[in-house]
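> Below is the structure I would like to discuss, written out as structure tokens.
None of the figures in this text is laboratory data; all of them are computed from the coordinates on show. The model shown is predicted, which means the values in this text are computed figures rather than measured ones. Cβ coordinates were reconstructed from backbone atoms using ideal geometry, including for glycine residues, and neighbour counts include every protein chain displayed.
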Amino acid sequence: MRAYEIGDQSGLDTWKLVERPDPEPGRGQVAIRVHAVSLNFRDVLLASKGYGFPVHSPQAIAASDGAGEIIAIGEGVTRWEVGDRVAGIFVQNWFGGRQPDDAFDNMLSGSLDGMLAEIVVLDQQGVVAIPEHMSYREASTLPVAGVTAWNALYGLKALQPGQTVLTLGTGGVSIFAAQIALAAGARVITTSSKEAKLVQVRKLGAIETINTSTTPQWSKEVLRLTGGMGADYVVETGAPGSLVQSIASARAGGIVSLLGVPPGETINALSLLQTSAIVRGMMVGSREMFEALNAFAGIARLHPVIDSVFGFEQATEALKALAQGNHLGKIVVDVSGRQA
């Protein structure tokens, strides 16, 4: 089988396409024929040693998010059968409850092999069934971006209809959060520095938008739109200088979920005191959250937004496209050519 290795992490050209023997599942494991993989910004950071978390070797398989079908099961497997449509969970030992203390040692594509291969082997506990109505391409976008968005809106305190969600930017997590919030009956406000992207965002539904290029003090606009109340949930993606404004945009007791923080970014303690906002970091989410997202997506008939699809041989080009930041939603690598 073919697989992409992370390589020496010296830049965006270091992913290496290699031939390997087909892996066989051991006891309690399943072999998955991967049909599609989606990329996350952590893949860009990992390519240049900018992520800050461990990579077990240059031979580690790249990319954490993929979906496919089980083609073989090992001895003792009881959760799955050959032919089941599944995706891997990002933190392989986080099944529910609080994040494990050793989560960093159990992440796909880093401390463990990732999903950018024709066949992967995972523990039977580390996979979930994908929504029946989604294609493999769509389902491949769920493990990090989808689950992170779900965690932001339901992980600490469940989003309620009529509440306000502020999403920053138009990347995978922000778009997922907007889609989930709309389907849940919430009000959504989205920011971007590019008007063309905001035009596309508004096509997703009743989303209010703020152009941060023309409105640099966008937190004041959030307060104006909400009658001075602020947003109940803020999905903070880590853009330079945005954290202070995210806190200022939050309602009293609101939740600001951090997906990333630029170097040198600081929190104004006084602003936290004034808003009583809860600022929380997140490491994606658990299998339980993934399963809850999938159930919700099935009921809401949610379809992830895919910006572009690249062939397996063009995976490096897909990574470079992601690094450019011109996408809206997710970038997907078609591993097998099977879309259903």
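> Positive end of the charge dipole of the chain (Lys, Arg +1 and Asp, Glu -1 on Cβ, about the Cα centre): tell me which of Ile267, Leu322, Asn93 has its Cα farthest that way.
Going by the charge dipole, the pick is Ile267.
> Related question: If I stretch the segment between His56 and Glu75 completely, what's the gain in nm (0.36 nm per residue apart, minus their alpha carbon distance), one decimal? Spell out each step's value before the answer.
Values: separation 19, 0.36 × 19 = 6.84 nm, distance 2.69 nm.
That works out to 4.1 nm of additional length.
> Over region 254-322, one equal point on each Cα, no solvent: what is log10 I(q)/I(0) by the Debye formula at q = 0.15, 0.18, 0.28 Å⁻¹?
-0.90, -1.00, -1.13
> Between His133 and Val82, what is the FRET efficiency for a Förster distance of 35 Å, r being their Cβ-Cβ separation, to the nearest 0.05?
Numbers: r = 22 Å, r/R0 = 0.63.
Calculated transfer efficiency: 0.95.
> What does the convex hull of the alpha-carbon atoms of region 287-340 project to on average, in nm²? Walk me through the intermediate numbers first.
Values: hull surface 19.5 nm².
Averaging across all directions leaves 4.9 nm² for the Cα convex hull.
> Right, next: Give the range of the longest stretch in the chain that excludes all GluC sites (Glu not before Pro) found in loop regions by DSSP and having at most 13 other beta-carbon atoms within 10 Å.
Working: sites that count: Glu75, Glu81, Glu132.
Value returned for the longest uninterrupted segment is 133-340.
> How big is region 147-281 along each principal axis, measuring the range of its Cα positions in Å and listing the largest first?
Extents along the principal axes, in whole Å: 38, 32, 29.
> Using alpha carbons only, how many angstrom separate the centre of region 270-306 from the centre of region 178-239?
Centre-to-centre distance over Cα atoms comes out at 16 Å.
> Among Ser249, Thr148, Gly311, pick out the residue whose Cα is farthest towards the positive end of the charge dipole of the chain, where Lys and Arg carry +1 and Asp and Glu carry -1 on C-beta, about the Cα centre.
Looking along the dipole axis, the top candidate is Ser249.
> Counting alpha carbon pairs within less than 8 Å and at least 6 residues apart, what relative contact order, in whole percent, applies to the chain?
Working: 822 pairs, mean separation 65.9, N = 340.
That works out to 19 percent.
> Calculate the all-directions average of the projected area of region 1-102's alpha-carbon convex hull, and give it in nm². Could the numbers behind the result be given before it?
Working: hull surface 30.2 nm².
The orientation-averaged projected area of the Cα hull of region 1-102 comes to 7.6 nm².
> Within the chain, what's the longest run with no trypsin sites (Lys or Arg not before Pro) in a DSSP loop and at most 10 other beta-carbon atoms within 10 Å? Give the range, please.
Details: sites that count: Arg27, Arg98, Lys203, Arg301.
Counting only loop sites that pass the neighbour cut-off, the longest clear stretch is 99-202.
> Net charge around Phe41, counting only other residues with Cβ within less than 15 Å of its Cβ (Lys, Arg = +1; Asp, Glu = -1)?
Numbers: positive: Arg42, Lys49, Lys320, Lys330; negative: Asp43, Asp65, Glu236, Asp307.
Residues near Phe41 contribute 0 overall.
> Mind grabbing the base-10 log of I(q)/I(0) for the chain at q = 0.06, 0.12, 0.15, 0.16 Å⁻¹? Debye formula, identical points on the C-alpha positions, no solvent, two decimal places.
For the chain, the Cα-only Debye profile gives -0.20, -0.81, -1.24, -1.39.
> Need the list of lysines near Lys203 for cross-linking: C-alpha distance under 30 angstrom, and skip anything on the same chain fewer than eight residues off.
Reachable lysines: Lys157, Lys194, Lys220, Lys320, Lys330.
> Would you tally the net charge around Gly88, using a Cβ to Cβ cut-off of less than 14 Å, leaving Gly88 out, and scoring K and R as +1, D and E as -1?
For residues surrounding Gly88, the net value is -2.
> Hey, could you grab the Kirkwood Rh for region 82-166? Inverse mean 1/r over distinct alpha carbon pairs, Å, one decimal.
Values: mean 1/r = 0.0688 Å⁻¹.
Its Kirkwood hydrodynamic radius stands at 14.5 Å.
> Next question. Tell me, what is the Rg over Rh of region 215-340, with Rh the Kirkwood radius over Cα pairs?
Details: Rg = 18.3 Å, Rh = 17.4 Å.
Reported Rg/Rh (Cα atoms, Kirkwood Rh): 1.05.
> What relative contact order, as a whole-number percentage, does region 147-281 give when Cα pairs under 8 Å and 6 or more residues apart are counted?
Computed value for region 147-281: 19 percent relative contact order.
> Can you compute the charge dipole magnitude of the chain about its Cα centre, using +1 on each Lys and Arg Cβ and -1 on each Asp and Glu Cβ, nothing else charged? Give it in debye, rounded to the nearest 20.
Numbers: 26 positive and 32 negative charges, 251 e Å.
The calculated dipole for the chain is roughly 1200 debye.
> I've got another one for you. For Thr215 and Gln324, FRET efficiency with R0 = 35 Å and r from the beta-carbon atoms, rounded to 0.05? Before the final figure, lay out each step's value.
On the way: r = 24 Å, r/R0 = 0.69.
That pair, Gln324 with Thr215, gives E of 0.90.
> Within a 10 angstrom radius of the beta carbon, how do Val37, Val201 rank from fewest other beta carbons to most? Don't jump to the answer; show the numbers that get you there.
Working: Val37 34, Val201 25.
Lowest to highest Cβ neighbour count: Val201, Val37.
> Also: Give me the number: length gained by fully extending Gln274 to Asp101, i.e. 0.36 nm times residue separation minus the C-alpha to C-alpha distance, one decimal in nm. Each step should come with its number before you reach the end.
On the way: separation 173, 0.36 × 173 = 62.28 nm, distance 3.20 nm.
So the extension gain works out to 59.1 nm.
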